[in-house]
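Heads up, the thing below is written out as structure tokens.
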Amino acid sequence: MDTLLSLVAEPAAWAALLTLIAMEVVLGIDNLIFIAILTNRMPEHQRELGRRIGIGLALILRLGLLGSIAFIVSLTTPIFSIFGYDFSWRDLILIAGGLFLVWKATKEIHHRVDPDPGPDLFDRKDIRLGFAAAMGQIVVLDLVFSIDSIITAVGMTEHIPIMVIAVIVAVLAMLMAATPLANFINANPTIVMLALGFLLMIGTALIAEGFGAKVPKGYIYAAMAFSALVESLNMLERRARKKRRSS
């Protein structure tokens, strides 16, 4: 308690908190897009519950990881080398999560662009996703994004209370944005493809980072923001054209 009270009186602690909250919110966008796309494939009456559970699991995983800082730090310690490159558990987790994300995004894109999908590697009989299957996939990506999020937090501040507050605020923001984002994506087919493109890019970046090629996240989010702006202009243009036709 004394430590928390002493942090309240420090301007540097407030600056660190605000910076970390902003960073955690931005890092949560990846997690949120995946949850939104995945839950939109669930039966409609289960979607809201699926989003809440998925985001709740993200909070539990993040707080659980914060409670084991020593374990988190150890994940960055190299465990073996190949051709002069050192790999840690974090690297392996990022590579595995990135491969899963690329696979998932590619699979979804394939079924959206193929007019007559055949019985191939990507074939599925039912476009709906079961509750248990969705939760399993969300847990996998929640874990990957949570580890990345907490390692980022550890690198920005040494104060656990600041990390906890930042994580809780960021996850609450995710919770409030989840349903509006999912509904917006579901109502606009072109946005779905754009979001899948984001997931493909994020997955590729995770794989690259796992192999030691650091991709500045600012570049990734700048590209996402620019793409979203262009798509917003396309949507406005389509609405204006539709309005002119109807008048």
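The values are calculated or read from the model by the stated rules, or taken from the named source; none is laboratory data. The structure displayed is predicted, hence computed values, not measured ones. Note that each Cβ is placed from the backbone with ideal geometry, even for glycine, and that neighbours are counted across all protein chains shown.
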| field | Selection from region 82-110 of residues that are of a type in the set (D, E, K, R), more than 17 Å from residue 152 (Cβ to Cβ) and buried (at least 16 other Cβ atoms within 10 Å of the Cβ) | value | 104, 108
| Pairs where the first residue, in region 196-222, is over 18 Å from residue 88 (Cα atoms) and the second is of a type in the set (D, E, K, R), C-beta under 6 Å, 6+ apart | 196/108; 202/30
| remark: Counting only residues in region 39-64 that are among the small types (Gly, Ala, Ser) and crowded, with 22+ Cβ neighbours inside 10 Å, the one farthest from residue 151 (Cα to Cα) is identified as 50
| task | Of the conditions (1) of a type outside the set (S, T, N, Q); (2) over 26 Å from residue 160 (Cβ atoms); (3) at pLDDT 85 or above; (4) not in a strand (DSSP E or B), residue 56 clears all except one; give me its number. | result | (2)
| request: Kindly indicate whether any position in region 65-81 is surrounded by fewer than 17 Cβ atoms within 10 Å (Cβ to Cβ), under 18 Å from the mean Cα position of the chain (by Cα) and closer than 23 Å to residue 134 by Cβ. | output: no
| Can you find a residue in region 204-215 that is more than 17 Å from the chain's Cα centre (by Cα), on the phi < 0 side of the Ramachandran plot and small (Gly, Ala, Ser)? | yes
| task | Within region 197-218, count every residue that is modelled with pLDDT under 80 and part of a helix (DSSP H, G or I). | result | 2
| task | Would you please list the contacts, defined by Cβ atoms under 7 Å and residues six or more apart or on different chains, that run from a residue in region 85-105 that is on the phi < 0 side of the Ramachandran plot and among the basic types (Lys, Arg) to a residue that is surrounded by fewer than 16 Cβ atoms within 10 Å (Cβ to Cβ) and not in a helix (DSSP H, G or I)? | result | 90/76
| said: Among the residues in region 105-115, are any over 16 Å from residue 37 (Cβ atoms), modelled with pLDDT of 65 or more and assigned to a helix (DSSP H, G or I)? | reply: no
| request: Determine if region 141-155 includes at least one residue that is modelled with pLDDT of 85 or more, surrounded by 14 or more Cβ atoms within 10 Å (Cβ to Cβ) and of a type outside the set (Phe, Trp, Tyr). | output: no
| query | Does region 168-181 include one or more residues that are more than 21 Å from residue 22 (Cα to Cα) and of a type in the set (Gly, Ala, Ser)? | reply | no
| query | What residue, of 194, 181, is in a helix (DSSP H, G or I), of a type in the set (A, V, I, L, M), under 30 Å from residue 230 (Cβ atoms) and in contact with a Ser or Thr (Cβ under 7 Å, 6 or more places away or on another chain)? | reply | 194
